[in-house]
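Peer 1: Mind having a look at this structure? Questions to follow.
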Amino acid sequence: MKNFSHTKIIIALDYSNERDALQFIKKLDPKIYKIKIGKEMFLLSGKVFVEKIIKLGFKVFLDLKLHDIPNTVSKAIISLSTLNLWMISIHVTGGREMMESAKSSLSYFKINKPFLVGVTVLSSLSKLDIKELGFSRTIDETVLLLSKLSKKVGLDGVVCPGNSVNYIKKSIKDNLKIITPGIRMQGSFSHDQKNIITPEQAINYNIDYIILGRTITFSKNPIKILEKISSLIFS
Ligand code: C5P
């Protein structure tokens, strides 16, 4: 094993129907992989589907990336409190008060309090995209600013593009978990992600959790690729 706190894998279960999602997930060991359910599957199949996945033994990251006024985000989180979730996400750009309300709502969870993580800058956004949105800082600086704010508010982690991880780690050294999507094998298609890194880079940057989506779910042999990435982590 590389080290005690090695990079762990979260699989993004992004499918357009339950049957395909369940067929795929049966091939996975819940002791090794965590599952991320995002807007596509949640809006399709709702809480009942989330419960099904939890019953199969998986830890579930419900990635709804909530972003609204504080009251609405807080009530949305309370409405999830019957679920035994492992992690949930909000957008940091919803602001400090929204994040604080989200954090307070965790006390309503009936079984375990899930980790609350903040999305900083989406990995689908380029330098030009964030400029167009009115951010005057670079992607790295924006991710750092939003990560520092997340830490101040007491979030458990931040979702950030892989290329900014080294930059923010210089300033944020302690226990804010780093979660990174946009992982692609060397030379492979990036789809809509503009800020991508390879699994090798993710492991070198000591990222806590990598999110693997289409690299796995669009592959003809998902288990082979998963095993390849796992073997990099444990080599
Ligand atoms: O690997 P792939 O690009 O398919 O992974 C995309 C998954 O990661 C999607 O489920 C998407 O919602 C999620 N995600 C992201 N960027 C973020 C946070 C989550 O792409 N900042």
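The values are calculated or read from the model by the stated rules, or taken from the named source; none is laboratory data. Predicted model, so just to flag it, every value in this text is computed and none were measured. Counting neighbours? That spans all protein chains shown, and the Cβs are built from the backbone with ideal geometry, glycine included. What goes into the accessible areas is simple: the full protein's heavy atoms, side chains included, and nothing from ligands, DNA or RNA. Shrake-Rupley method; radii C 1.70, N 1.55, O 1.52, S 1.80 Å.
Peer 1: Using a/c under 1.5 as the rounded threshold, could you call the range 124-235 rounded, prolate or oblate? The axes a ≥ b ≥ c are square roots of the C-alpha gyration tensor eigenvalues, and prolate needs a/b larger than b/c, oblate otherwise.
Peer 2: Oblate, because a/c is 1.5 or more while a/b does not exceed b/c.
Peer 1: Let me ask something else about it. Report the calculated FRET efficiency for ILE32 and ASP174 (r = Cβ-Cβ distance, R0 = 30 Å), to the nearest 0.05.
Peer 2: With R0 = 30 Å, the Cβ-Cβ based efficiency is 0.65.
Peer 1: For the range 106-149, give the percent of accessible area contributed by carbon and sulfur heavy atoms, probe 1.4 Å, rounded to a whole number.
Peer 2: 57
Peer 1: May I pose another question? For ASN112 and ASP192 in one chain, what is 0.36 nm times their gap in residues minus the Cα-Cα distance, to one decimal in nm?
Peer 2: Full-extension gain reported as 25.4 nm.
Peer 1: Continuing with the same structure: Evaluated at 4 °C with a viscosity of 1.567 mPa s, what Stokes-Einstein diffusion coefficient in µm²/s does the chain have when Rh comes from the Kirkwood expression over alpha-carbon pairs?
Peer 2: Diffusion coefficient, whole number: 72 µm²/s.
Peer 1: Stretch SER126-LYS228 to full length: gain in nm at 0.36 nm per residue minus the Cα-Cα span?
Peer 2: Between SER126 and LYS228, full extension yields 33.8 nm more.
Peer 1: Here's a follow-up. How many angstrom separate the Cα center of the range 175-192 from the Cα center of the range 42-61?
Peer 2: 23
Peer 1: Here is a further query. Quick check on the chain: helices-only [θ] at 222 nm, where DSSP H runs of length 4 and up contribute -39,500 (n - 2.57) each and the sum goes over total residues. Nearest 500, please.
Peer 2: One gets -11500 deg cm²/dmol as the mean residue ellipticity at 222 nm.
Peer 1: Same structure, new question: Give a quick list of chymotrypsin sites (Phe, Trp or Tyr not before Pro) in the range 190-235 that DSSP marks as loop, anything other than H, G, I, E or B, with at most 11 other Cβ atoms within 10 Å.
Peer 2: PHE234
Peer 1: With a ≥ b ≥ c taken as the square roots of the eigenvalues of the C-alpha gyration tensor of the range 88-175, please select rounded if a/c is under 1.5 and otherwise prolate if a/b is larger than b/c or oblate if it is not?
Peer 2: In terms of gyration-tensor shape, prolate.
Peer 1: Sort out the exposed loop trypsin sites (Lys or Arg not before Pro) in the chain (DSSP loop, at most 14 other Cβ within 10 Å) and tell me the longest stretch that has none.
Peer 2: Of all site-free stretches, the longest is 32-109.
Peer 1: If you average the sequence gap of Cα pairs under 8 Å that are 6 or more apart and divide by the length of the chain, what percent do you get for the contact order?
Peer 2: The value is 19 percent.
Peer 1: Moving on. Using label points projected 7 Å from each Cα along Cα→Cβ, tell me how many nm separate PHE218 and LEU133, to one decimal.
Peer 2: About 2.1 nm separates the two model spin labels.
Peer 1: Pulled fully out, how much extra length does the chain show between LYS148 and GLU100, if you take 0.36 nm times their separation in residues and subtract their Cα-Cα distance?
Peer 2: Additional length available on full extension: 15.9 nm.
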